[in-house]
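Structure record follows, encoded as structure tokens.
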Amino acid sequence: MGGQVQKNILITGGAGFIGSHVVRRFVTKYRAYRIYNLDALTYAGNLENLKDVENQPNYSFIKGDITDVDMINALFDRHKFDGVIHLAAESHVDRSITDPLSFVKTNVLGTVNLLNASLEIAKNNQQFKYYHISTDEVYGTLGNTGLFSENSPYNPNSPYSASKASSDHFVRAYGETYGLPYVISNCSNNYGPNQFPEKLIPLFINNIIHNKPLPVYGDGNYTRDWLYVKDHAEAIDLVFHSGKLGETFNIGGGNEWKNIDLAKMLCRIMDVKLGRQEGQSEQLITFVKDRPGHDLRYAIDASKIENELGWRPSVTFQEGLDRTIDWYFENREWLEHVTSGDYKDYYKTQYQE
Ligand code: NAD
Ligand code: TYD
């Protein structure tokens, strides 16, 4: 885009699910930005997610861990970032139940390292902005009615959401205490291409393809508000560029589904796509032991970002699921790569029957 000011932007976690969509959007849309993608390439990070942009002249990948304070400080010193969009995180609730400490390290300590380095930069750059990507899970659980707003109290129930809540608090505290210019957004459950197949939708797509059981936790009457990942990336673009500093924005799809209904819908769509008999995949549904501390329902009131920034989800759930399932069909090699090694061991310990 002509006339744009040259900016160095750091995106953390860009090799992961949401981060890869954000990196692609920024690299291709803002040609005058230089995008640095910092990612430790954990089990959830995969550079195959960014094959189409890896040779772009305004893109650089840096392999590094946000808990490595010396590396972070040197990186900020070298590139004098104008903006940071922080997505790197341990992101899976079930893993946080078996290994909370790694969530504290990456999500809390890693965030504080980035905040300290950001403060140094902000001293000499009036334009600097730190953007923290978070989750609606920090608000805890809803009952059968109501929506999370930006004013909902924090009430995290899982080690994952506790670590994200803690990092959100540190961001606000750095704003209040040291004047760090920041924005935060809290988003509902994302789905779409490149999501690691441990989260509900890609796990079930993968298992349906392979005729494996679909483990529905508890009675399946848990509700999530699903948003297509590219709509989240668009919201992130808007908040980064136009969100008022010091504010939080809730992002959600207005698209609530009970897990069991979603599972059945996936089965129906995939029976058609796979040429299976109607009802065949549904037989794979298996009710398993519930997740401890399982939040009943998440749902977002997105009116602030809609009214202030004009954001709306662009994709219906039907369209989004259709595109997502087709992507997993067309990217069997990706699925095979990401499900080898560490993940297979994890999968065995979780759901071995
Ligand atoms: P993901 O697990 O797919 O990707 C996380 C990325 O962070 C991976 O590429 C991983 O390699 C990298 N990473 C992990 N630890 C790191 C470390 N110590 N140093 C550097 N990089 C590290 O996660 P996602 O689903 O894309 O989520 C991205 C962000 O969005 C997270 O902050 C998450 O809390 C938030 N979020 C996710 C959702 C969702 O539905 N997935 C919803 C709302 C908010
Ligand atoms: P998940 O994708 O892990 O996202 P989150 O826990 O962050 O909302 O889970 C979405 C919902 O699906 C949640 O209610 C837990 C449930 N679930 C299952 O029933 N079975 C599964 O195998 C998984 C991974 C999740």
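The values are calculated or read from the model by the stated rules, or taken from the named source; none is laboratory data. Quantities reported herein were computed from a predicted structural model and do not represent experimental measurements. Heads up, the Cβs are rebuilt from the backbone with ideal geometry, glycines too, and the neighbour counts pull from every protein chain shown.
Miscellaneous remarks
- Number of positions in segment 25-63 that are in contact with an Asp or Glu (Cβ under 8 Å, 6 or more places away or on another chain), in contact (Cβ under 8 Å) with a residue 40 or more places away in the chain and under 21 Å from Phe81 (Cα atoms): 5
- Residue list for segment 271-320, filter: away from ligand 2 (no atom under 16 Å from the Cβ) and on the phi > 0 side of the Ramachandran plot: Gly275, Gly279, Gly310
- Residue count for segment 109-139 satisfying the condition of being farther than 17 Å from Asn73 by Cα and surrounded by 16 or more Cβ atoms within 10 Å (Cβ to Cβ): 9.
- Checking Tyr131, Tyr160 one by one, the residue that is under 18 Å from Ile251 (Cα atoms) and within 15 Å of ligand 1 (Cβ to nearest atom) is Tyr131 and no other.
- For segment 282-299, the tally of residues that are within 17 Å of Trp257 (Cβ to Cβ) and hydroxyl-bearing (Ser, Thr, Tyr) stands at 1.
- Residue within segment 2-19 that is loosely packed, with under 14 Cβ neighbours inside 10 Å and among the β-branched types (Val, Ile, Thr) present: yes
- Members of segment 60-105 that are closer than 17 Å to Tyr30 by Cβ, surrounded by 21 or more Cβ atoms within 10 Å (Cβ to Cβ) and of a type outside the set (A, V, I, L, M): Phe81, Gly83
- The test for being away from ligand 1 (no atom under 16 Å from the Cβ), modelled with pLDDT of 95 or more and not basic (Lys, Arg) holds for Pro181.
- Among residues that are within 11 Å of Leu180 (Cβ to Cβ) and of a type in the set (Val, Ile, Thr), Ile133 is not included.
- Failed condition for Pro213, given (1) surrounded by fewer than 24 Cβ atoms within 10 Å (Cβ to Cβ); (2) within 15 Å of ligand 1 (Cβ to nearest atom): (2)
- Any chance Thr141 is within 24 Å of Val22 (Cβ to Cβ) and in contact with a strand residue (DSSP E or B) (Cβ under 7 Å, 6 or more places away or on another chain): no
- Among residues of segment 61-101, those that are within 16 Å of ligand 2 (Cβ to nearest atom) and small (Gly, Ala, Ser), counted: 3
- Near pairs, Cβ below 8 angstrom, 6+ apart or cross-chain, from segment 199-215 (over 16 Å from Glu336 (Cβ atoms) and touching a residue at least 24 places away in the same chain (Cβ under 8 Å)) to any residue that is more than 15 Å from ligand 1 (Cβ to nearest atom) and assigned to a loop (DSSP other than H, G, I, E, B): Pro213/Glu353
- Lys289 being surrounded by fewer than 18 Cβ atoms within 10 Å (Cβ to Cβ), touching a residue at least 12 places away in the same chain (Cβ under 8 Å) and within 29 Å of Ser152 (Cα to Cα): no
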